[in-house]
Every structure is written in structure tokens, then in C-alpha cells.
Amino acid sequence: MEPCIDLRNVTVVYPNGVQALSGINLTVDAGEFAFVVGPTGHGKSTLLKLLYAAEFPTEGQVLFLGQDVARLSSLPIARLRRRVGVVFQDFRLLAQRTAWENVAFALHAIGVPYRAALRRVPRALDEVGLLDKADRFPPQLSAGEQQRLALARVLGLDPAVVLADEPTGNLDPRSSDRVIDLLTKINERGTTVMVATHDPTIVNRLRRRVIALREGRIVSDEQEAGYPHDLGRD
Amino acid sequence: MIWDAIDFICRETALQLKRERLIAIATVSTVAVLLTVLGAIVLFHVDLRLWTKRAGDELTVWVYFSGEVPREQAQLEAAEVATWREVRAARFVPKEEGLEEMRTWFPNTSALTAQDNPLPDAVRVGARDPELLPALVRKLEGLPGVKDVVPRSELAESTTGPIAWVIQAKRIVAWGGIALGFLVSFAGVLIVNNTIRLALHARRRDIYIMQLVGAAHGAITAPFLLEGAIHGLLGAALACCVLVPTHMYLRSLVERAAPLGPLFFLAPDGILLPFGLYLLLAGMVLGALGSALSVRRFLRRRIEWEG
């Protein structure tokens, strides 16, 4: 079976000369749950950015669901992004829109009909436990609730792959656990999940596939692993 | 699907117009000021063109036949002149009518009788365009039986005479108007473009989310285009509210100031309706174009969440 994500000898060099990734070879199968770990600034976010086409490889190939991302024009890139849900450490919610509107806006933007959106928005909010706060604006929610709202936005879109870039970075341990539980639940439905983190606690709790990055290179890639002791966090 | 897209575009446009009131006010007032200036230039240009056309129409060439030319021949030549390409109108003026006209203009000649009439039969010729006048005069001078042509070709071809002045004024008005129109329109697109960039900056996060979830460029751009067109339309409507009554008032002032005949000709009120409609259209195009340029530039950038 064709892998869901296939990176072949990928190197990313930023315009300022910084080499973010170097010779990355990586495959992730559909339905997998993988952690991408490593200290800050060692290429975790860049790796995820390649997958939602916010960054492109300087060398090598990024094959996502069988498509070479670097060769796609704007419309196929847009179509590809519809199959990827992304959550971030800083939530990236629209402060002027309510929780309901944040989820609905993403759906309407990609042309989901209003009637379908009316079904999908409450379902997504309910799954993350925010249906009773649908009319609240993001600044009126706690950090944990904001991250769950970001996850509701992703759930509404029903993507094939969920990418989470430091999703627990701004959360207390209880909220972190709740967010990770939600990501696990999403994965159990068959959605591929990749979580970039430098938090050993969640990695050690779940014991899933762990891809470790240091200075832009993969230094270890193990199944059912914990956080590598020698990797460091910052 | 298409209706959902249209529905989304309309809802987003309405929401933004409601939410970003300050930016909407800034854009509408910028377009309004700009179109007031542009519209004033266009109206002034129309007035000037009418005025120079009038001045050109007043330039008349008199062709006097020698006394020996039979009247029938003079009439035939007048009829032929009227068919020339460069001639707007040509009318045969018998010497009796010429005498009457002379008596009106010069009262001290009122004692002259038909027997004393010094005037020959003539043709009054109006040129289609003042620029054609020098060539026309030369052509008329070459007609058989012509004794005199007023103005003479020396005066018609003079670079300092009144004919040259009218020609020059007409050219300046035509080209100056076009150049000024282009300049102001160009400045307009730039100013609107910059104002809309402010609106885009305010909504950069909405655009980011739309890009992130995979909205097509068309779906991202369309609400901005519609918003730009609405801002442009409102701005143009404000400009119309200033320009139309002002022009009507100025026209009434000019008419009152010179009841026997206007010193400066202002276009009739009838042109104000098509002018207003064109201005509304120009506002919509300006707003949509400014938005299109800004959004295109915005979308070409790397997808990035800006704080």
C-alpha cells in the first residue's frame, strides 16, 4: 500500500541560509499516530509545514497522498490542504468570531453547504465538549478550551491527516491530557495523526511511533517508544 | 455548490462591512474624495470641450464673389462647397441679405440703399473643425469667380492669430484632459489599493485560515472584490452628491451673470445623469480593481500567521 506521507531525501534551506532539514527520508502510513520530537529549532515545525504546503523542499520530494507537493499549482495545493487539519501551539483562532463561527467559517471557506455545516459544527463542538460555549469568543475561553476549539475546527473538516504543532505547549497538564486524548480519539477513527512536541510526558504516556530530529536530521525512528533520553528539549 | 459559494461571499462581505466600519469609512471617503476630484476634472473637461467647440463653430469664412459672376453660378458653387468633407455648413448669402446684416452690425451704414450696396453675393462657410480652416480657406480662394475670402489664408495660417489660438486651445483641452484623467485614475487605483491593503491587513488572519483549510483563491478573493466594489459605489455616490448639485448651481450662476449669452459655457444639466452613472461605474471598477490588486499581491505571499 502507498504510504500516506513519503518524504524522499528532503532538504529545506531558508532564504537566510539556515538549513532547517537535511536529507530526510520518512514514510508514514495511513492511520498511523506518530510523534515528531526534538529540541526547539531543530526542524519539527518545518517538517509539518512541508505537509500542509506552507514550506517547500529545497531538494528532494514530498509525496503527500501520492502527490508531489512541490509540483502542485495553487488550486491542487488548496485541494490538498482540504485533506489536512492543522492545530498549533498558539491556537490560531479568529478572535472576532464566536466558537461556532470559527468552526463554520472554515467549512464555508471550502464550500461546504450551509445545511451540511449546520450539522457538522455542533457535532464537532460537542466532541470537544464546547457545545455549551458555542457563542463565546476565543478570548472568553481558557487556553485548554481554545485548543479544543482549534481541534473542533479540524474535526469539522474531517481531514485524512491531522498535524499538531506543539499542541500542548501553552497548556496545563490537565488540559494537555484532554487535547492528547482527543487526538488519540481522532486517530482511532483511522485518521493519520502527527504531533510535533518537545514534551516527554505526553510521548512517554502514549508510547507510539517516535521520530526524533536533531539539527534537521532524523536521529531515531522507533515504534512504541518513549522520549529519547539523549535528545534534550530546548 | 455555486449558490453556497455566492451565499458565503455575500455573508462574508456583509459581515465585514458591519464589523470593519472604520476601515469601510476610510475606504469610502478616500474613493469619494478621489472621484470628486476626478469627476470635477471630467466635468471641467466636458465644459471646456463644449466651450472650444462653440468657439470653433463661431469661426466662419466669408467667400465674396466678383460682381461679374452670375448669381446662379455663385449659388451652384455654394451648393458644391456645402458637400466638401471639411465643411460643416455653407449658405449662400445674396448681396441684399448681406446689406441688411451690415446695417444691423454697423448702424451708421443704415442710409445705404440697394443701389449703393457695395457688397457682392457671398457664401458663409463654417468649418467642421477649426484645424481644417487654413486648408479650407486656401481651397475657397481657388474657386472660380472668387474675389475675396475673409479671413485670408495669411491670417488663417498665422501661428499667432485667433484661429491658431482656438486650435491650440482645443488641442490642449483634449490632450490635457486625457492626460489628467489618466493621472488621476492611476493615482486613484494606487490610493484605493493602499487603503484596501489596510483592510486586508486587518483580515490577514481570516485569509490565513481560509488558505490553511484549502479555500480556492477565487473564494478568498471574491468577498474582497465585492466589498471593494461596494466601497467604490458608495464613494462614487458621495462624489455625485457633491458634483451634480455644484455643477447645476454654477450653471445657474453663469446664466444669471451673463443673461445675453454665457461668457463661459457650462454643459447642460442633461449630461449629469449619464455622467453620474459613469461615475458610479468608475467607482465600482476602481474599488474592485484596487481590491483585486491588493488580494493578488497578498495571496502570492507565503502562508503565514501574523501577529
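Read-outs throughout are calculated quantities, based only on the coordinates presented, and are distinct from any laboratory measurement. Computed from a predicted structure; not experimentally measured. Neighbour counts run over all protein chains shown; Cβ positions are idealised from the backbone, glycine included.
Quote to one decimal, in nm, the extra length available between B:Ala135 and B:Trp62 on full extension: 0.36 nm per residue of separation minus the C-alpha distance between them.
24.8 nm
Please list, in order along segment A:109-114, the HN-Hα scalar couplings obtained from phi with the Karplus expression 6.51 cos²θ - 1.76 cosθ + 1.60 (θ = phi - 60°), rounded to whole Hz, x for Gly and Pro.
4, 9, x, 5, x, 4
Provide the FRET efficiency to the nearest 0.05 for the B:Ala14-B:Arg152 pair, computing r from the beta carbons and using R0 = 51 Å.
0.15
How much FRET efficiency would the formula 1/(1 + (r/R0)^6) give for B:Trp105 and B:Phe44, where r is the Cβ-Cβ distance and R0 is 35 Å, rounded to 0.05?
0.55
Based on the Cα gyration tensor of segment A:182-234, what are the three equivalent ellipsoid semi-axes, each the root of five times an eigenvalue, rounded to whole Å and given largest first?
Its equivalent ellipsoid spans semi-axes of 21, 12, 10 Å.
If contacts are Cα pairs under 8 angstrom and at least 6 residues apart, what is the relative contact order of chain B in percent?
28
So for segment B:225-307, Kirkwood radius off the Cα pairs, Stokes-Einstein at 4 °C and 1.567 mPa s: how many µm² s⁻¹?
In µm²/s, the coefficient rounds to 84.
By how many nm would the segment from B:Phe182 to B:Cys241 grow when fully extended, if each residue of separation counts as 0.36 nm and the alpha-carbon distance is taken off?
18.9 nm is the gain from fully extending B:Phe182 to B:Cys241.
What order do you get for B:Trp305, B:Trp3 when you list them from fewest to most C-beta neighbours inside 10 Å?
B:Trp3, B:Trp305
Using only Cα atoms, figure out Rg for chain B and give it as a multiple of 2.2 N^0.38 Å.
1.56
I'd like the Karplus ³J(HN,Hα) series for segment B:209-226: coefficients 6.51, -1.76, 1.60, θ = phi - 60°, whole numbers in Hz, and an x wherever there's a Gly or Pro.
3J(HN,Hα) across segment B:209-226, in whole Hz: 4, 4, 5, 4, 8, x, 6, 6, 3, x, 5, 6, 6, 3, x, 5, 4, 5.
When the Kirkwood hydrodynamic radius is evaluated over all pairs of different C-alpha atoms of segment A:21-92, what value in angstrom, to one decimal, is obtained?
Final number for the Kirkwood radius of segment A:21-92 is 13.4 Å.
Partner chain Cβ atoms within 10 Å, averaged over the residues of B:214-224 - can you pull that number for me?
Mean partner shielding for this stretch: 4.
Decide, for segment B:1-86, between rounded, prolate and oblate: order the square roots of the alpha carbon gyration tensor eigenvalues as a ≥ b ≥ c, take rounded if a/c falls under 1.5, and otherwise choose prolate if a/b is larger than b/c, else oblate.
It comes out oblate by the Cα gyration axes.
Can you report the principal axis dimensions of the protein assembly as shown using only the alpha carbons, biggest first, rounded to whole angstrom?
Ordered largest first, the protein assembly as shown gives principal extents of 129, 47, 38 Å.
Bin all alpha-carbon pair distances of segment B:197-272 at 10 Å intervals from 0 and give each bin's fraction as a whole percent.
16, 27, 16, 14, 14, 10, 3, 0
Would segment A:129-204 count as rounded, prolate or oblate if I go by the C-alpha gyration tensor, calling it rounded below 1.5 in a/c and otherwise prolate when a/b exceeds b/c, oblate otherwise?
Since a/c reaches 1.5 but b/c is at least a/b, the shape of segment A:129-204 is classed as oblate.
Provide, in order from the shortest bin, the percent of all Cα-Cα pairs of segment B:102-184 in each 10 Å bin, continuing until the bin that contains the maximum pair distance.
For segment B:102-184, the pair-distance distribution reads 14, 30, 27, 18, 7, 3, 0.
Diagonalise the Cα gyration tensor of chain A and give the resulting equivalent ellipsoid semi-axes, square root of 5 times each eigenvalue, largest first, whole Å.
28, 21, 16
Hey, what number do you get for chain A at 222 nm if only DSSP H runs of n ≥ 4 count, each worth -39500 (n - 2.57), divided across all residues, to the nearest 500?
-10500 deg cm²/dmol
Which semi-axis lengths, in whole Å and largest first, follow from the square roots of five times the eigenvalues of the Cα gyration tensor of segment B:46-110?
26, 21, 7
Run the Debye formula on the Cα coordinates of segment B:157-307, all scatterers equal and no solvent, and tell me log10 I(q)/I(0) at q = 0.10 1/Å.
Summing over Cα pairs of segment B:157-307 leads to -0.56.
Taking a cut-off of 21 Å, what percent of all Cα-Cα pairs in segment B:1-154 are separated by more than that?
So the pairs more than 21 Å apart make up 65 percent of the total in segment B:1-154.
Please work out whether segment B:95-247 counts as rounded, prolate or oblate from its C-alpha gyration tensor, where a ≥ b ≥ c are the square roots of the eigenvalues and a/c under 1.5 means rounded, while otherwise a/b larger than b/c means prolate and anything else oblate?
Judged from the Cα gyration tensor, segment B:95-247 comes out prolate (a/c at least 1.5, a/b above b/c).
Which value in deg cm²/dmol, rounded to the nearest 500, describes the helix-derived mean residue ellipticity at 222 nm for chain B, given -39,500 (n - 2.57) per DSSP H run of n ≥ 4 and division by the residue count?
After summing the helix terms and dividing by residue count, I get -24000 deg cm²/dmol.
Around B:Ala169, under 12 Å between beta carbons, what's the net of Lys plus Arg minus Asp minus Glu among the other residues?
+4
In whole Hz and in residue order, list the ³J(HN,Hα) couplings for segment A:70-81 that follow from phi through the Karplus curve 6.51 cos²θ - 1.76 cosθ + 1.60, θ = phi - 60°; x for Gly and Pro.
With coefficients 6.51, -1.76 and 1.60, one gets 5, 8, 7, 8, 4, 5, x, 5, 4, 5, 5, 5 Hz.
Can you sort A:His198, B:His201, B:His231 from fewest to most other Cβ atoms within 10 Å of each residue's own Cβ?
Ascending number of Cβ neighbours within 10 Å: B:His201, A:His198, B:His231.
For a Förster distance of 60 Å, can you work out the FRET efficiency between the beta-carbons of B:Trp3 and B:Val254, rounded to the nearest 0.05?
Taking R0 as 60 Å, the efficiency between B:Trp3 and B:Val254 is 0.65.
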